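**Student:** One structure coming up, written as C-alpha cells, with questions to follow.
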C-alpha cells in the first residue's frame with residue numbers, strides 16, 4: 001500500500017505527458033495519444049489493488065492453498081467481462097481498463113477479508129493507522145501536483161521537451177512531497193524496514 005497508493009495516483013497525474021512523450025510520433029496522432037492516456041489513467045487506479053494481490057496470493061500459497069487464488073482469478077475474469085462489455089458502448093476501449101480497476105479492487109478486498117478470517121486475524125486493525133497516514137500523504141501529494149498543473153510553473157506547449165518537462169516536474173514533486181509527508185507523520189518505511197532486513 002505504501003508503494004501502490006502513490007503509484008496509482010502518480011501515474012494518473014502523469015499519464016497524459018507520459019503517453020504523449022512515449023507514443024505520439026509516427027502513426028500515433030494526438031488523438032490516439034489522448035486515448036492511450038485515458039486508458040492508462042483507469043488502469044493506474046488499480047495498481048494498489050494489483051500490488052496487494054501479489055502479497056495476498058503468496059500468503060495463500062504459504063498455506064498450501066492454490067485453489068482459492070485460482071477460483072478468485074476465474075471470478076475476477078468473469079466479473080471483469082460483466083463490467084467491461086456493457087461499458088464498451090459508452091467508454092470504448094477505456095471500458096477494459098475500468099473493468100480491470102473494479103474487478104481487481106473487489107478481488108483484493110474480498111481475498112484479504114477471506115485470508116483474515118482463515119488465519120483468525122491478520123491484525124488489520126493495527127494497520128489502519130499506518131494506511132491512514134499513507135492515504136493522507138497521497139492526498140497531500142495529489143493536491144500539490146494538481147496545484148502545480150494549474151500554476152504558471154507548469155510547462156505548457158507541445159513537443160517532447162515540453163512533455164518531458166511536465167513529466168519530470170510532476171514526478172519529482174510528487175515523490176518529494178509524498179516522502180516528506182510520510183516522514184512528518186512518522187511513517188518512515190525505509191527506516192522501519194531496514195532493521196528487519198538486518199535481523200533477517
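**Student:** Quick one: what do you get for the chain if you divide its Cα Rg by 2.2 N^0.38 Å?
**Tutor:** 1.18
**Student:** What's the whole-number percent of alpha carbon pairs in segment 88-153 lying beyond 21 angstrom?
**Tutor:** Working: 1241 of 2145 pairs.
Here the long-distance tail beyond 21 Å is 58 percent of all Cα pairs in segment 88-153.
**Student:** For 127, 51, which order do you get if you count the other beta carbons within 10 Å of each Cβ and list the fewest first?
**Tutor:** Listed from fewest to most nearby Cβ atoms, that is 127, 51.
**Student:** Here's a follow-up. Round to the nearest 10 and give me the degree value, 0 to 90, for the angle of helix 160-184's Cα axis relative to the longest principal axis of the chain.
**Tutor:** It works out to around 40 degrees.
**Student:** Additional query: Against the longest principal axis of the chain, how steep is helix 4-23, in degrees 0 to 90 to the nearest 10, with axes from Cα atoms?
**Tutor:** Helix 4-23 sits roughly 30 degrees off the main axis of the chain.
**Student:** What is the P(r) of segment 103-196, as percent of Cα-Cα pairs per 10 Å bin from 0?
**Tutor:** Reading the bins upward from 0: 14, 29, 28, 20, 8, 1.
**Student:** Right, another one. Mind pulling the per residue volume of the convex hull built on the Cα atoms of segment 37-78? Å³ is fine. Write down the numbers at each step before the final one.
**Tutor:** Numbers: hull volume 2.4 nm³, N = 42.
Looking at segment 37-78, the number lands at 57 Å³ per residue.
**Student:** Sticking with this structure for a sec: Show me, bin by bin at 5 Å from 0, the whole-percent P(r) of segment 16-112 based on Cα pairs.
**Tutor:** That works out to 2, 14, 19, 18, 15, 12, 9, 6, 3, 1, 0, in percent per bin.
**Student:** Ignoring everything except DSSP H segments at least 4 long, calculate the 222 nm mean residue ellipticity for the chain; use -39,500 (n - 2.57) per segment, divide by total residues, nearest 500. Mind dumping the intermediate values first?
**Tutor:** On the way: 8 runs with 163 residues, N = 200.
Computed mean residue ellipticity for the chain: -28000 deg cm²/dmol.
Laboratory data are not the source of any read-out in this text; all were calculated from the coordinates shown. This structure is a prediction, so every number in the text was calculated from the model and none was measured. No Cβ is skipped: glycine too gets one built from the backbone with ideal geometry, and neighbour counts run over all protein chains shown.
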